[in-house]
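The values are calculated or read from the model by the stated rules, or taken from the named source; none is laboratory data. Here the structure is a predicted model, which is why all the values come from computation and not from measurement. Virtual Cβ from ideal backbone geometry, glycine too; neighbours counted across all protein chains shown.
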Amino acid sequence: MTARFESVPTSAERLRFQEFGFQRLANGRCRARVVLSYRDGRQYVGESEGMTSQAGELRCAATAAVHALERVTDPRVSFELLGVKAVKAFDATVLIVSLSAREEAQARRLVGSFLTDVDPPRGAALAVLNATNRLLGNYFATR
């Protein structure tokens with residue numbers, strides 16, 4: 001059986017990380033919003049709410065990025081956030097995410113990271129995009 005996730009040259013069309021918003025709410029929860037866009041102006045918004053804690057905030061931001069990606073690839077590819085973790089390394093914080101990407105009956109595990117000390121929730125959202133870069137390049141090339 002031939003894998004559908006094979007290497008294909010990327011197309012000129014590229015998804016951009018347009019906007020990130022994050023709020024800590026008074027009720028002990030947080031809210032994240034990720035906007036992805038194309039050069040032609042099309043936008044895909046993902047939002048999520050979670051618990052205000054270090055792990056909860058990272059998961060909330062990563063989930064918002066996953067929701068935005070699912071709007072881009074719907075219905076061909078779906079994503080599941082398996083985990084997100086902040087690790088101290090090289091005198092900085094590295095955000096690491098693990099995802100599952102499913103296209104038809106085939107699933108693939110993806111891992112992405114982003115180095116930040118400034119804004120860990122934003123870093124978690126960018127780690128999701130780093131995990132999916134190659135897969136999305138192939139997706140756009142075959143559309």
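Screening region 98-139 for residues that are crowded, with 19+ Cβ neighbours inside 10 Å and β-branched (Val, Ile, Thr) and picking the one that is modelled with the highest pLDDT gives Val128. Remark: Ala131 matches the filter, which requires a residue to be assigned to a helix (DSSP H, G or I) and of a type in the set (Gly, Ala, Ser).
The condition (being modelled with pLDDT under 95, touching a Leu at 6+ places or on another chain (Cβ under 7 Å) and among the β-branched types (Val, Ile, Thr)) is satisfied by just one residue among Val84, Val72: Val72.
Selection over region 1-51 of residues that are among the basic types (Lys, Arg), touching a strand residue (DSSP E or B) at 6+ places or on another chain (Cβ under 6 Å) and modelled with pLDDT under 95 gives a count of 2.
Among the residues of region 92-118, just one is in a loop (DSSP other than H, G, I, E, B) and touching a residue at least 40 places away in the same chain (Cβ under 8 Å), namely Glu104. Please tell me if Val87 is among the β-branched types (Val, Ile, Thr) and buried (at least 16 other Cβ atoms within 10 Å of the Cβ). When the stated conditions are applied, Val87 does not pass them.
For region 64-79, check the following and say yes or no: at least one residue is in contact (Cβ under 8 Å) with a residue 40 or more places away in the chain, part of a strand (DSSP E or B) and more than 17 Å from Thr116 (Cα to Cα). Don't jump to the end; show me each part of the working.
At the first step, the residues of region 64-79 found to be in contact (Cβ under 8 Å) with a residue 40 or more places away in the chain are 64-66, 69, 72-73, 76-77, 79.
In the following step, the residues that additionally are part of a strand (DSSP E or B) were identified as 77, 79.
Then keep just the ones that are more than 17 Å from Thr116 (Cα to Cα); that gives 77, 79.
The answer is yes; a qualifying residue exists.
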